[in-house]
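First the structure, in the form of structure tokens, and then the observations on it.
The values are calculated or read from the model by the stated rules, or taken from the named source; none is laboratory data. Remember, it's a predicted structure, so these values are computed and weren't measured experimentally. All Cβ positions, glycine included, derive from the backbone under ideal geometry; neighbour counts span all protein chains shown. Surface areas here come from the heavy atoms of the whole protein model, side chains and all, with no ligands, DNA or RNA. Shrake-Rupley method; radii C 1.70, N 1.55, O 1.52, S 1.80 Å.
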Amino acid sequence: MNISFIRFKTELQPFVLFSVQDARKHFSGFDRKRLTEWQKKGYIQKVAREYYLFTDVQKEINLWWYVANRVFEPSYVSLQSALSYYGFIPEAVFHVMSITTKKTKEVDTPDVRFIYRNMKQTHYFGYTLIPYGKEHQIRLAEPEKALLDLLYLETSIKKQEDFNAWRFNKQVILETANMTLMEEYARLMQNNLFYHRFLKFKEWLNA
């Protein structure tokens, strides 16, 4: 199917991120070679296998979070990305960290690296939906779950010296996180060693 780029963009721009499958749904008989052609001309950018962006889209952190959710599903943004967003750690994070029930994976693009860490299906909870644009949403860990995801996966974080080394902002955590909810979530994760690390963290927070 010979389609103009202007028509293609008009149809698919609301998607923000579009896939080859999206193109074929909208345009019967669409030839994916057109994507290669438009990529060479600088009209679109490939960000992951089968996924593309229009090059004039505004590139900011919410875009990359939305892309992270879409290119590897199911997943939600968490760990250092969410902790930095909530002000729990001081460092700016230049890649997007996510939790997934699939295997651990990294996806590199010219702009950002997407890192996905595996957790059990039973631990895939504790995220909220935040609006992105007019029609889209981003799955982002709740403050409590972002901390728990880190404590669960980073098993070396288990004593006062480790908490200090991460430079957690105690005041912001205590003002933001619901500790009762955090403890409920920790119990749901049903791992004794992890729960012990959580109690040590809680004790450190309140010291």
Quiz item: Given the rule -39500 (n - 2.57) for each run of at least 4 DSSP H residues, summed and divided by the residues of the chain, what is its mean residue ellipticity at 222 nm, to the nearest 500 deg cm²/dmol?
Solution: -12500 deg cm²/dmol
Exercise. Calculate, for region 52-204, the solvent-accessible area per residue in square angstrom, rolling a 1.4 angstrom probe over the heavy atoms of the protein chains.
Key: 51 Å²
Exercise. State the Cα centre-to-centre distance between region 107-132 and region 45-60 in whole Å.
Key: 18 Å
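Students often check this: by mean Cβ neighbours within 10 Å, which of 65-73, 35-43 ranks highest, and how do the rest follow?
By packing density, highest mean first, the sequence is 65-73, 35-43.
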Practice problem: Enumerate the calculated ³J(HN,Hα) couplings along region 81-89 in order (Karplus 6.51 cos²θ - 1.76 cosθ + 1.60, θ = phi - 60°), each rounded to whole Hz, writing x wherever the residue is Gly or Pro. | Solution: 4, 6, 4, 5, 4, 7, x, 7, 10
Self-check item: Residue-by-residue Karplus 3J(HN,Hα) for region 62-70, coefficients 6.51, -1.76, 1.60, Hz, glycine and proline x
Solution: 5, 4, 5, 5, 5, 4, 4, 4, 7
Quiz item: So, with a 1.4 angstrom probe, what is the percent of accessible area on the chain that is carbon and sulfur?
Solution: 48 percent
Quiz item: Where the centre of each part is set by its Cα atoms, how far does region 1-36 sit from region 154-184, in angstrom?
Solution: 46 Å
Practice problem: Pop out the ³J(HN,Hα) list for region 11-20 in order, Karplus 6.51 cos²θ - 1.76 cosθ + 1.60 with θ = phi - 60°, rounded to Hz; leave Gly and Pro as x. | Solution: 6, 9, 4, x, 6, 6, 10, 10, 10, 4
Quiz item: Can you give the extra length, in nm with one decimal, that the chain gains between residue 33 and residue 176 once fully stretched, where that is 0.36 nm per residue apart less the Cα-Cα distance?
Solution: 46.6 nm
Exercise. Name the residues whose placed amide hydrogens come within less than 5 Å of the amide hydrogen of residue 17, ignoring near sequence neighbours (fewer than 5 apart) on the same chain.
Key: none
Self-check item: Solvent exposure ordering (accessible area, 1.4 Å, most first) of 196, 26, 136
Solution: 196, 26, 136
Quiz prompt | Listed peptides 122-132, 103-113 by packing density, highest first (mean Cβ within 10 Å) | solution = 122-132, 103-113
Quiz item: Size of the dipole of the chain about the Cα centre, Lys and Arg at +1 and Asp and Glu at -1 on the beta carbon, nothing else charged, in debye to 20?
Solution: 720 debye
Exercise. Take every Cα-Cα distance within region 81-196, group them into 10 Å bins from 0 onward, and report for each bin the whole-number percent of pairs it holds.
Key: 12, 42, 37, 8, 0
Quiz item: Listed here are the pairs 33/59; 40/103; 120/202; 25/103; 103/200; which of them are more than 27 Å apart at the Cα?
Solution: 40/103; 25/103; 103/200
